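A short write-up of the structure that comes next.
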């Protein structure tokens, strides 16, 4: 999964898709996930990183990440591949 090249992301968590004109904001965790995607991290690497830093059950994290990745794909912020 990769962040689309035309997506603009500010340090404050503002996301802008110039292709659609849509804009979004994300929290610090969402920013961290997008940063890791930009670095080429896999879903498993992102999961492992979050589990090592935060107190969260793996099953809950995997569901939440799945929902977040689905949302990112729905709004054309990321693409598979």
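Each value in this text was obtained by applying a stated rule to the coordinates, not by laboratory testing. Keep in mind that this is a model prediction, so the values were computed, not measured. Methodologically, a virtual Cβ is constructed for each residue, glycine included, from the backbone with ideal geometry; neighbour enumeration extends over all protein chains shown.
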**Item:** Residue check, residue 4 more than 10 Å from the chain's Cα centre (by Cα), within 20 Å of residue 80 (Cβ to Cβ) and touching a residue at least 24 places away in the same chain (Cβ under 8 Å)
**Value:** yes
**Message:** With the structure loaded, tell me whether residue 60 is assigned to a helix (DSSP H, G or I) and in contact with a helix residue (DSSP H, G or I) (Cβ under 7 Å, 6 or more places away or on another chain) or whether it fails that test.
**Reply:** no
**Asked** Within region 4-16, can one find any residue that is surrounded by 14 or more Cβ atoms within 10 Å (Cβ to Cβ), in contact with a helix residue (DSSP H, G or I) (Cβ under 7 Å, 6 or more places away or on another chain) and assigned to a loop (DSSP other than H, G, I, E, B)?
**Response** yes
**Matching residues, region 33-57, being surrounded by fewer than 11 Cβ atoms within 10 Å (Cβ to Cβ) and in a helix (DSSP H, G or I)** = 44, 52, 53
**From the options 19, 66, 30, residue that is exposed (fewer than 15 other Cβ atoms within 10 Å of the Cβ) and touching a residue at least 24 places away in the same chain (Cβ under 8 Å)** = 19
